[in-house]
Amino acid sequence: MPPPEHPLISIINVQDIQHHSEPINMVMDYYSISLKRNFNGKFSYGQSEYDFDEGLMYFIAPNQVFKIEHSEDELKRLQGWLLLIHPDFFWNTGLSKTIKQYDFFHYAVNEALFLSDKEERVMNGIIENIQQEYHNNIDKFSQSIIVSQIETLLNYSERFYQRQFITRKIPNHKILDTLEHTLNNYFKSDDLITKGLPTVQYISDALNISPNYLSNLLKSLTGQSTQQHIHDKLISEAKQKLSISNQSISEISYQLGFEHSQSFSKLFKAKTHLSPLEFRKSFN
């Protein structure tokens with residue numbers, strides 16, 4: 001990528017990126033908001049493949065694992081922009097807290113945002129405003145002006161995603177949001193170490209739905225059972241720890257609720273076809 005014009009925020013023309021056709025595994029320590037046209041490759045975010053059916057925009061939070069696969073010919077047709085923002089840019093602003101409330105940064109939302117021509121012009125206009133501001137001489141107003149533009153971009157994205165949920169008739173998406181929220185809270189708590197992985201019964205109780213009904217609902221929405229969602233969350237957390245920390249495999253398996261690291265390694269390999277050590281080496 002070309003060097004940034006600002007130390008904590010950058011807007012990049014997709015056509016200026018030097019691509020290569022090999023599959024890429026990545027973890028970035030900044031927010032990425034992107035609008036790309038003519039993208040026909042495969043993009044995996046967490047354990048799910050991103051759906052680009054008619055979609056133009058996608059959103060990645062810091063320290064999230066993703067993978068890109070595309071051919072050389074596909075790269076030549078790519079158009080659009082990439083907005084990269086380090087979390088430190090939001091320091092001491094309201095957006096530093098509220099940005100975590102935007103669900104489209106989460107693994108649970110694995111559908112790209114599609115835009116009408118009018119909506120795309122709105123997004124492009126906001127990006128032009130941000131670009132114009134950070135091209136100017138930096139002063140005490142620059143950060144607040146750019147942050148307000150980013151917040152506007154996110155609010156429009158939220159509006160357009162809500163429209164997308166309605167027009168594409170995605171039923172029960174609130175169940176998926178609640179499931180993701182429940183799993184996130186559990187994996188952040190001490191329960192993971194003291195009680196091990198959450199059970200299907202625990203998840204269904206938290207969602208106030210019977211275990212059988214929940215699994216049937218999830219299978220109809222995502223093709224996966226409740227147990228598979230729990231395992232996917234586990235693998236996503238494991239990938240993050242393996243890629244951004246120097247902890248041993250035993251330490252990571254203990255933090256993820258496994259009494260024996262062999263059990264963790266066996267499940268990880270069954271899900272990813274790589275041992276935890278092999279996955280870690282792929283990032284080095």
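Only the coordinates and a few stated rules stand behind these numbers; no lab work does. Note that the structure is a prediction, hence the values are computed from the model and not measured. Using ideal geometry, Cβ is built from the backbone for each residue, glycine included, and neighbour counts are taken over all protein chains shown.
Modelled label positions at Trp91 and Ser250, each set 7 Å beyond Cα in the direction of Cβ, lie 3.8 nm from each other. Divided by 2.2 N^0.38 Å, where N counts the residues, the Cα radius of gyration of the range 214-256 comes to 1.47.
The listed peptides 125-131, 8-14, ordered by packing as a protection proxy, come out as 8-14, 125-131 (highest mean of other Cβ atoms within 10 Å first). Which of the pairs Lys67/Lys174; Lys67/Lys195; Lys188/Lys269; Lys42/Lys241 have their Cα atoms more than 29 Å apart in this structure? Checking Cα-Cα distances, Lys67/Lys195 exceed 29 Å. Size estimate for the range 149-284 follows the Kirkwood approach: the inverse of mean 1/r over distinct Cα pairs works out to 16.7 Å. Quotient of the Cα radius of gyration of the range 181-260 and 2.2 N^0.38 Å, N being its number of residues: 1.16. Note on the chain: with charges restricted to the Cβ of Lys and Arg (+1) and Asp and Glu (-1), its dipole about the Cα centre is near 560 debye. Helix-only arithmetic for the chain: the sum of -39500 (n - 2.57) across DSSP H runs with n ≥ 4, divided by the residue total, places the mean residue ellipticity at 222 nm at -15000 deg cm²/dmol. Of all DSSP-defined beta bridges confined to the chain, some 95% are antiparallel rather than parallel. Ordered from longest to shortest, the equivalent ellipsoid semi-axes for the range 186-228 are 21, 11, 7 Å, each the square root of 5 times a Cα gyration tensor eigenvalue.
Using the Cα coordinates of the chain, the gyration tensor eigenvalues translate into equivalent-ellipsoid semi-axes of 33, 22, 20 Å, sorted from longest to shortest. Taking the Cα atoms only, what angle lies between the long axis of helix 173-188 and the longest principal axis of the chain, rounded to 10 degrees? Helix 173-188 sits at roughly 70 degrees to that axis.
With the charge dipole of the chain set up from +1 on Lys and Arg Cβ and -1 on Asp and Glu Cβ about the Cα centre, the Cα lying farthest toward the positive end among the listed residues Thr98, Ile146, His260 is that of His260.
Going by average Cβ neighbours within 10 Å, how do the peptides 147-157, 180-190 rank, with the highest at the top?
Per-residue mean Cβ counts within 10 Å order the peptides as 147-157, 180-190.
Give me the Debye-computed log₁₀ of I(q)/I(0) at q = 0.16, 0.19 Å⁻¹ for the range 236-284, equal point scatterers on Cα only, no solvent, two decimals. Debye output, listed in q order: -0.35, -0.51. Peptides 158-164, 78-84, 90-96 ranked from most to least packed, by the mean per-residue count of other Cβ atoms within 10 Å: 78-84, 158-164, 90-96.
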